[in-house]
Amino acid sequence: MTSRTAIVLFTRDLRVHDHPALATTCAAFDRVVPLYVLDPALAGRSPNRTRFLHQSLAALREALRKRGGDLVVRHGDPVVETVKLAEEVGAAGIALSADVSRYARRRERRLRDDCRRHRVALRTFPGLTVVEPGALTPGGGDHYRVFSPYHRAWSGHRWRAELAAPRRVSLPAGVRVGRLPAPPAGESPDAVPGGEDEARRRLSRWLPTLPRYDDLHDDLAGDGTSRLSPYLRWGCLSPLAVANAAGDRGSPFVRQICWRDFYYQVTDAFPDIGARAYRRGAAEDWRYDDDALAAWTEGRTGVPVVDAGMRQLRAQGWMHNRARLITAGYLTRSLGLDWRPGVAVFFRWLLDGDVANNSGNWQWVAGTGNDTRPYRSFNPVRQAQRYDPDGAYVRRWVPELAAVDGRAVHQPWRLPDEVRRTLDYPPALSAPGSDPVWLR
Ligand code: FAD
């Protein structure tokens, strides 16, 4: 009997545990070629994410080597390189985790066409979400547009079984593995490192704090959320495994994982999420002001909680969810600027930046998305006072204000003139002609 070979094409599923494409292929074929293609089309998008990707690839290679295999690395167009390798090794099949972005879907379509021409079977697998996009649909619609009913259906749905890592991965003889370049520098000095082992360690360390999640998750200074988002983004962790580890499906933490799935199924149905308003009839009368956008981007708007968030983003390639809500709300609702440049700035810096979650959340904040109350009012000072009550988060990230005690730090414009003059901090920026309540 001739031995059968298949390729597992990795994309943003950089793990060996609970990896349906890898587990199924290892069980069904004698020889398996785990492949990653470094795609120049994706290379320049975010130095932070490129660094995280390279670290995660190195870790994946290690994990595969421990199982007798390796990670085969190629550079170029993933479709061309995958099909070329399939010919070289005589692969009968290619396995791939299904993804929802416009780019990923086009890649899959092209790969499917080429596979057909070369008589190679292409099969896609779940793994990027807990519940596959499209698996749950409301009566009369192709996807859920509102979160709460989606959450109910998602919690009651039968999830797939979690899969063990394959014990052995057997490469065909003679395949050139290819070099993995050293991780590039990235832009954020305090960015966390990528990799599955790192991710699993962080998950185990964080899980004991889970019972306090509901109390802590909105506390900016307390910083008590899991910080697992970059590892979920790159598939160093399986979202199903994280949800299972958390246990209670109805818990506030697992609900956040559901938000992630929610935006994937929205993006699957509406791939234009990064470019066009999702909500029909959404008012889009934005202003365009390069100076204001630059001040926001660089964390020098003069609104302390906003500047703190944007500086955390630049330092760590990550920002607390509450700060993301505040900074995005300030850009769109207070300054009246278009959400799309905001999406682009986040997308450049965030280790967890992805089309579905970044654009989906931005549209929610901007009122063009799936919020059932798109015109809710927004007050950055009230938000700061509520979620950073003694100002510790602001003082951590805005050293110019380190000498201002307590919650007074949220409104430097209210400090006595003689104190304000000593601070090297700009006056607060607001939309021209506006007289916002929070600035009084
Ligand atoms: P935890 O609170 O520990 O939550 C656990 C996991 O649930 C997260 O890791 C994440 O995968 C998921 N999750 C939590 N909140 C959300 C949410 N609102 N939407 C979708 N998934 C969620 N998240 C991204 O993963 N990528 C993005 O590009 C992204 N952009 C955002 C942009 C804006 C304007 C806003 C308001 C939110 C954005 N989020 C994004 C969602 C959220 O801020 C982050 O997922 C969260 O802060 C990550 O920190 P954590 O892992 O500690 O989260």
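Sum up the charges of everything whose Cβ sits under 10 Å from the Cβ of VAL80, counting Lys and Arg as +1 and Asp and Glu as -1, but leave VAL80 out. Before the final figure, lay out each step's value.
Values: positive: ARG74, LYS84, ARG110; negative: ASP77, GLU81, ASP114.
Around VAL80, the surrounding residues sum to 0.
Sequentially through the range 424-434, phi angles give Karplus couplings (6.51, -1.76, 1.60; θ = phi - 60°) of 8, 9, x, x, 5, 8, 9, 5, x, x, 8 Hz, Gly and Pro residues having no value and appearing as x.
Distance between the C-alpha centres of the range 340-415 and the range 273-298: 15 Å, rounded to the whole angstrom. On full extension, the segment bounded by ALA392 and LEU216 gains 61.9 nm, given 0.36 nm per residue less the C-alpha separation. Hey, how many Å between the Cα centroid of the range 116-165 and the Cα centroid of the range 215-263? Computed from Cα coordinates, the inter-centre distance equals 18 Å. What residues of the range 186-229 lie in the reach of a label at ASP248, counting those whose backbone N is under 16 Å from a point 7 Å from the Cα along Cα→Cβ? Under cut-off, by backbone N: 207-217. The helix-only estimate of mean residue ellipticity at 222 nm for the chain, built from DSSP H runs of length n ≥ 4 each weighted as -39500 (n - 2.57), is -12000 deg cm²/dmol after division by the residue total. Quick one: Debye curve from the C-alpha atoms of the chain, no solvent, what's log10 I(q)/I(0) at q = 0.07, 0.08 Å⁻¹? Log10 of I(q)/I(0), two decimals: -0.38, -0.49.
So what's the net charge close to THR11: Lys and Arg +1, Asp and Glu -1, counting the other residues with Cβ under 11 Å from its Cβ?
Working: positive: ARG12, ARG107; negative: ASP13, ASP39, ASP99, GLU108.
Its environment carries a net charge of -2.
Relative to the 2.2 N^0.38 Å rule of thumb, the range 147-193 has a C-alpha radius of gyration ratio of 2.20.
Over all orientations, the range 21-99 has a Cα convex hull whose mean projected area works out to 5.7 square nanometres.
Amide H to amide H, with H built 1.01 Å from N, GLY195 comes under 5 Å of SER56, counting only residues 5 or more places away or on other chains.
Nonpolar atom fraction for the range 5-127, defined as the carbon and sulfur part of the 1.4 Å probe accessible area, stands at 48 percent.
Along the range 316-326 the Karplus relation, 6.51 cos²θ - 1.76 cosθ + 1.60 evaluated at θ = phi - 60°, assigns HN-Hα couplings of 10, x, 7, 9, 4, 4, 5, 5, 5, 5, 6 Hz to successive residues, with x for each Gly and Pro. Comparing LEU42, LEU60, LEU350 in a Gaussian network model of the chain, where Cα atoms under 10 Å apart are tied by springs, the biggest mean-square fluctuation is seen for LEU42. The charge dipole of the range 5-127, taken about its Cα centre with unit charges on the Cβ atoms of Lys, Arg (+1), Asp and Glu (-1) only, comes to about 320 debye. Taking amide H as placed 1.01 Å from N in the peptide plane, HIS75 has its amide H under 5 Å from the amide H of LEU38, each at least 5 places away in sequence or on another chain. By the Stokes-Einstein formula, at 1.002 mPa s and 20 °C, the range 7-148 with its Kirkwood radius over alpha-carbon pairs has D equal to 132 µm²/s. The Rg/Rh ratio for the range 290-439 is 0.95, where Rg is the radius of gyration of the alpha carbons and Rh is the Kirkwood radius. The label point for LEU207 and the one for ARG117, both projected 7 Å from the Cα toward the Cβ, are 4.7 nm apart.
Measuring nothing but how far apart in sequence close Cα pairs (under 8 Å, 6+ apart) lie, relative to its length, the range 1-91 scores a relative contact order of 37 percent. If you take the alpha carbon atoms of the range 197-269 and fit the smallest convex hull around them, that volume is 99 Å³ per residue.
In terms of solvent-accessible area of protein heavy atoms at a 1.4 angstrom probe, what is the ranking of SER430, SER3, highest value first? Before the final figure, lay out the partial values.
Values: SER430 35, SER3 70 Å².
Output order, biggest surface exposure first: SER3, SER430.
Please report the relative contact order for the chain, taking Cα pairs under 8 Å with a sequence separation of at least 6, and give it as a percent rounded to a whole number. Here the relative contact order equals 18 percent.
The string of couplings for the range 59-68 from the Karplus curve (6.51, -1.76, 1.60, θ = phi - 60°) is 5, 5, 4, 4, 5, 6, 5, 4, 9, x Hz, one whole number per residue in order, with x for Gly and Pro.
Here's how it looks for ILE7: its modeled amide H is under 5 Å from those of VAL33, GLY93, ILE94, ALA95, which are all 5 or more places away or on a different chain. A 1.4 Å probe run over the range 1-101, with the rest of the protein chains in place, finds 34 Å² accessible per residue. Largest mean-square fluctuation among TYR264, TYR375, TYR231, in a Gaussian network model of the chain whose springs join Cα atoms under 10 Å apart, belongs to TYR375. Under 15 Å from a label point set 7 Å out along the Cα-to-Cβ vector of ARG382, the amide N atoms of the range 425-440 belong to 436-440. About its Cα centre, the dipole of the chain is roughly 1240 debye, where the only charges are +1 on Lys and Arg Cβ and -1 on Asp and Glu Cβ.
The values are calculated or read from the model by the stated rules, or taken from the named source; none is laboratory data. Note that the structure is a prediction, hence the values are computed from the model and not measured. Cβ sites come from the backbone with ideal geometry, for glycine too, and all protein chains shown count toward neighbours. Each accessible area value is taken on the protein alone, full model and side chains, heavy atoms only, with ligands, DNA and RNA left out. Shrake-Rupley method; radii C 1.70, N 1.55, O 1.52, S 1.80 Å.
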